[in-house]
Structure formats: structure tokens, C-alpha cells
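Novice: Below you'll find the structure I mean.
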Amino acid sequence: MRRILCIVVLALTLGCASGAVGRAASISVSSGRLTALRTCVLSANSSTSAVGVDTSVREGTPAGNYGTNNSVNVTADDPAHGHRRTYERFDLTACHPVIPSSAVIQAATLRLYGTNLPPACRTQDIFRVPSAWTETGITWNNQPFGTSLNNPATAQRTSSIAIGPAGCQNSTVNGYVSGWNVTADVQAFVAGAGNFGWMIRDDAENYASSQISAYATREKSSSSIDDSPQLVMSYR
């Protein structure tokens, strides 16, 4: 009786072992099909205009261009001071290797280095720009989104962040903000859609008092820190 029981147990054990080997082989085959995760970080600075460009437009000086300034601004201002918006664009072909059109973008984040915070916590929206602009040619008057306030509508934004004093999502001066999630836009760009970058504006322009944020541009040079505008991407 004991001998028969041992044989049954042995048979079951071998069956389980055989099944385990089969599953392991299956996992091994599947693992071989996985594509390695790649990353690309584009940092725009004064010597890399081919990588990225940036500027802000100002309602107070509607025909002025600020493409060579050391900072860009986003404001929710009363009409006496004028509103400001920021435009950013990165050339994805500057990634090495170049991201293929068939790639699946896992994550893409636009990071700016904040040098001034507004006195109240403000939501800042990022929008995909629909048409071409140049760093040294764009003004408040000719910007792709036009001059109407709170345009485009909040519902059309790609993502947003909050920035301001303590208690706000981003409340550190002289540091990178947590960043705008632009994954869907970058996915469209690598697939062949026109890449005209992004515009950042306050979610509720025409606020009762001056609320100004400042971010370092590619023209701002710093020997002690890296404060370049950055587009950080991971993809398969």
C-alpha cells in the first residue's frame, strides 16, 4: 500500500514539474519579445537652438519680441500690466538614436526651471500649438492662438501644473517644476503630426492682481546649475 502511494505521489510530482517547465519556457519566449525601454532628454541652451527654442509674448508690448531674453513669463494679470504667455518647442530628431515613428511613448514631460513664483497658487495650462512660429519673430499680436484672453479653452489643454507659495504643488524658487505631461502630444509628433511645440498660459487670465511666474530660458547661462528647459521622454 505504501509503495503504491509513493508511486502516485511521484507521478503527480513529475506531472507538476513537467507543467512548471512548460510555463517557464512560455515565459522565456514572451520575455524575448519585449522591447527595451529607451530614454531621451533634450536640454535646450544657448548653443543648441537646433534642440529647442523658447520665448514669451506680452500683451503690454504686443508688437515686441522677447526671443533672446533670459527668462520667459506666464501671468494672470489685470489689464493695466498685461498678460504674458510662454512658447516652447523641441526638435525630436535631436534624440540619438532618433525616436522611430513606430515607437510607443511611455512618458514625456516638459520641465522648466522656475525663478519666480506668483504670490497666489495658480494653475498653468499647456496647449499643443497648431501652427508655426519662430523664436525671434513671434509677438503677442501674431501668436498662433490669437490675442483673446483664456483662449484656447481650458478643456483643450494637454495638461497643467499648479505653482505658487507654500502649499501649492510647485512652491520652490530656483528649481524645476514637477512638469507638464505631454505624452500624448509627443506620441503624435513621432507619428508624423506637425511639431510646433507648446504654449503655456494661466488657466484664468484677467485676474484682479498681478500674478507672474518666471522660468529660465535656453539663453540663460549658469555655471553652477543646470537650468535649461528640458523635454524628458521614455519610449519603446
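Novice: Within the range 84-99, which residues are in a loop (DSSP other than H, G, I, E, B) and crowded, with 17+ Cβ neighbours inside 10 Å?
Specialist: D91, C95, I99
Novice: Restricting attention to the range 127-136, report how many residues are out of contact with any strand residue (DSSP E or B) (no Cβ under 9 Å at 6 or more places or on another chain) and under 20 Å from G82 (Cβ atoms).
Specialist: 0
Novice: On the given criteria, is S159 in contact with a strand residue (DSSP E or B) (Cβ under 9 Å, 6 or more places away or on another chain) and within 13 Å of D125 (Cβ to Cβ)?
Specialist: Yes, satisfied.
Novice: Considering each residue of the range 160-202, count those that are over 20 Å from A103 (Cβ atoms) and among the β-branched types (V, I, T), and give that number.
Specialist: Summing the residues that are over 20 Å from A103 (Cβ atoms) and among the β-branched types (V, I, T) in the range 160-202 gives 6.
Novice: If a residue must be under 23 Å from G175 (Cβ atoms) and not in a loop (DSSP other than H, G, I, E, B), how many such residues does the range 115-162 contain?
Specialist: So the answer is 11.
Novice: Shifting gears a bit: Which condition does I7 not pass, out of (1) under 30 Å from V177 (Cβ atoms); (2) at pLDDT below 95, if it passes all the others?
Specialist: Just one mismatch for I7, condition (1).
Novice: Given the residues G82, G67, which is the only one that is touching a strand residue (DSSP E or B) at 6+ places or on another chain (Cβ under 8 Å) and on the phi > 0 side of the Ramachandran plot?
Specialist: Answer to the selection: G82.
Novice: Also: Would a scan of the range 159-171 turn up a residue that is exposed (fewer than 13 other Cβ atoms within 10 Å of the Cβ) and over 18 Å from P118 (Cα atoms)?
Specialist: No, the conditions are met nowhere in the range 159-171.
Novice: Residues in the range 67-83 that are in a strand (DSSP E or B) and farther than 16 Å from L112 by Cα: how many?
Specialist: Number satisfying all stated conditions: 0.
Novice: Can you tell me which residues in the range 165-193 are in a loop (DSSP other than H, G, I, E, B) and out of contact with any strand residue (DSSP E or B) (no Cβ under 8 Å at 6 or more places or on another chain)?
Specialist: Result: P165, A166, G167, A191, G192, A193.
Novice: Only residues that are surrounded by 20 or more Cβ atoms within 10 Å (Cβ to Cβ) and charged (D, E, K, R): list them for the range 100-134, please.
Specialist: R122, D125, R128
Novice: Within the bounds of the range 73-80, is there any residue that is among the hydroxyl-bearing types (S, T, Y) and farther than 27 Å from A193 by Cα?
Specialist: Yes: the range 73-80 contains one or more residues that are among the hydroxyl-bearing types (S, T, Y) and farther than 27 Å from A193 by Cα.
The values are calculated or read from the model by the stated rules, or taken from the named source; none is laboratory data. In this text, all values refer to a predicted model and were calculated from it rather than measured experimentally. Note that we place each Cβ from the backbone using ideal geometry, even for glycine, and neighbour counts take in every protein chain shown.
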